[in-house]
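One structure is given below, encoded as structure tokens.
The values are calculated or read from the model by the stated rules, or taken from the named source; none is laboratory data. Keep in mind that what you see is a predicted model, and the values were worked out from it rather than measured. Here the Cβ is made from the backbone with ideal geometry for all residues, glycine too, and neighbour counts use every protein chain on show. What goes into the accessible areas is simple: the full protein's heavy atoms, side chains included, and nothing from ligands, DNA or RNA. Shrake-Rupley method; radii C 1.70, N 1.55, O 1.52, S 1.80 Å.
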Amino acid sequence: MRLISCASYYGSGSSALTDLVAEYSTVKNLSDYEFRFVHDIDGIADLEYHLVDCHNRHNSGHALKRYKKLCEFNHGTGFIQRYEPYFNGQFLNISLDYIKELTDFEYKGKWFYDMYERGRWFYYAKSLQTKIYRRLNINRSSMPHEITLASHPTREQFLTATRKYIMRLMEAANVENNPILMMDQILPSSNINKCLKYFPEETKLIIVTRDPRDVYLSEKYVWHENIAPHDADLFCKWFDYAHSSNRDEVPDPQKVMQVNFEDLIYKYEEILPKLETFLGLKSEEHVHSFEGLNPKRSYGNTQLWKKFDDSANIAIIEKNLPQYLYDFGDKRYEDIAGVDVNNNKVF
């Protein structure tokens, strides 16, 4: 089983790529959810830092506890199911096995962060409780059931455990045993080399970029997520900040490919065989063409300045971010591949 993942910079159109790959019969598609537990804060990359790169007798075990907390959150609830449906109900159990494998030993005990992370009043209450116990000469802990973990694996031990963990999750997600599994955002658009080493050797990553003008207008007028600034000058700083985070990286070109969102629409026939070659897909497996990605439908998501009157802010973006602007040429809707649509609503 091979893994394909897609990464982006927020709003850059990575779903168009995952929708396209999902059209192939050999692909098990998990791209309707983002799996960020490898590279987000308290994720696997943080574990490697605390357990291997910068080991500390307190921080290492507590990092495992924080990863456990992240896994319990991603496990979901009866009301909001997050990861479990995608891993055949095995995500938390497999994660707990991983944490156990990385734990050298454990004991009943606490330290400052066990109180601090529960909030200021909890910390003050437990500190006062400890003082009272000492004053009364009571031999009792204010947190008698708290568990402290100890962990100090070698890098090879950590990588071996992590690769086994990732593979178990992949197998749980792909009970149909398709040759290819696609998981969105499980790999990042920065720190790529660091995170790739947790995955099988044949893993492929596509990074999708998009014209900043369309990202700005989509965020401001359509999505309203408040993830990117609406002030044009600040947006330019934010966009370059996000894209420059991997500027000094040299990813393996056999594993990592960068694609413009717009190429999937305006150069569909040209980019498709390149993607198939890179990802190991075959044209005869492309049995659901245009059911996921319909370039004619996505055409309406480009050159949004023709739909939204915001010329002053677009001029600021064009002045400050010329290196990111896409050359749309003179292609019209009639020139775009895909199935004709009546709906040109931005999404």
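Does residue 290 satisfy being of a type in the set (Phe, Trp, Tyr) and modelled with pLDDT of 95 or more?
Working: of a type in the set (Phe, Trp, Tyr): yes; modelled with pLDDT of 95 or more: yes.
Judged against the criteria, residue 290 is a match.
Tell me which residues, restricted to segment 303-332, are closer than 14 Å to residue 265 by Cβ and either open to solvent by less than 50 Å² (accessible area, probe 1.4 Å) or of a type in the set (A, V, I, L, M, F, W, C) (or both).
So the first thing to find is which residues in segment 303-332 are closer than 14 Å to residue 265 by Cβ, and the list is 303-304, 326-329, 331-332.
Of everything in segment 303-332, those that are closer than 14 Å to residue 265 by Cβ and either open to solvent by less than 50 Å² (accessible area, probe 1.4 Å) or of a type in the set (A, V, I, L, M, F, W, C) (or both) turn out to be 303, 304, 326, 328.
From the list 231, 214, which one is under 23 Å from residue 321 (Cα atoms), open to solvent by 50 Å² or more (accessible area, probe 1.4 Å), at pLDDT 95 or above and of a type in the set (D, E, K, R)? If you could, list the steps in order and put the result at the bottom.
Working: 214 fails: open to solvent by 50 Å² or more (accessible area, probe 1.4 Å).
That would be 231, the only listed residue that is under 23 Å from residue 321 (Cα atoms), open to solvent by 50 Å² or more (accessible area, probe 1.4 Å), at pLDDT 95 or above and of a type in the set (D, E, K, R).
Looking only at segment 200-247, which residues are acidic (Asp, Glu) and either in a strand (DSSP E or B) or within 20 Å of the chain's Cα centre (by Cα) (or both)? Lay out the reasoning, then the answer.
Just the residues of segment 200-247 that are acidic (Asp, Glu), to begin with: 201-202, 211, 214, 219, 225, 231, 233, 240.
The answer is 201, 202, 219, 225, 240.
Give the residue that is farthest from residue 336 (Cα to Cα), with candidates limited to residues of segment 235-262 that are buried (at least 17 other Cβ atoms within 10 Å of the Cβ) and among the β-branched types (Val, Ile, Thr).
For segment 235-262, the residue satisfying everything is 256.
For segment 98-132, give me the residue count where each residue is open to solvent by 60 Å² or more (accessible area, probe 1.4 Å) and either touching a residue at least 60 places away in the same chain (Cβ under 8 Å) or at positive phi (or both).
Of the residues in that region, 1 qualify.
Using beta carbons and a limit of 8 Å, which pairs, at least six apart or on different chains, have the first residue in segment 300-324 and touching a residue at least 12 places away in the same chain (Cβ under 8 Å) and under 16 Å from residue 12 (Cα atoms) and the second one of a type in the set (Phe, Trp, Tyr) and open to solvent by 30 Å² or more (accessible area, probe 1.4 Å)?
301/347; 304/221
Condition (residue is under 30 Å from residue 16 (Cβ atoms), among the acidic types (Asp, Glu) and in contact (Cβ under 8 Å) with a residue 24 or more places away in the chain) applied to segment 145-152: is it met by at least one residue?
Narrowing segment 145-152 to residues under 30 Å from residue 16 (Cβ atoms): none.
No - not one qualifying residue is present in segment 145-152.
Is it the case that residue 31 is open to solvent by less than 10 Å² (accessible area, probe 1.4 Å) and modelled with pLDDT under 95? Break it down stepwise before answering.
Details: open to solvent by less than 10 Å² (accessible area, probe 1.4 Å): no; modelled with pLDDT under 95: yes.
Judged against the criteria, residue 31 is not a match.
Which of (1) open to solvent by less than 30 Å² (accessible area, probe 1.4 Å); (2) modelled with pLDDT under 95 does residue 281 not meet, given it meets every other one?
It is condition (2) that residue 281 fails.
Across segment 45-95, which residue is most open to solvent (accessible area, probe 1.4 Å) among those that are touching a residue at least 24 places away in the same chain (Cβ under 8 Å) and β-branched (Val, Ile, Thr)?
Step by step, filter segment 45-95, then rank; the result is 52.
Can you give me the number of residues within segment 133-153 that are open to solvent by 30 Å² or more (accessible area, probe 1.4 Å), touching a helix residue (DSSP H, G or I) at 6+ places or on another chain (Cβ under 7 Å) and at pLDDT below 90? Give the derivation first.
Within segment 133-153, the subset open to solvent by 30 Å² or more (accessible area, probe 1.4 Å) is 133-141, 144-145, 147, 152.
Then drop every residue that is not touching a helix residue (DSSP H, G or I) at 6+ places or on another chain (Cβ under 7 Å), which leaves 140, 152.
Filter once more, keeping what is at pLDDT below 90: 140.
Going through segment 133-153 one residue at a time, the tally reaches 1.
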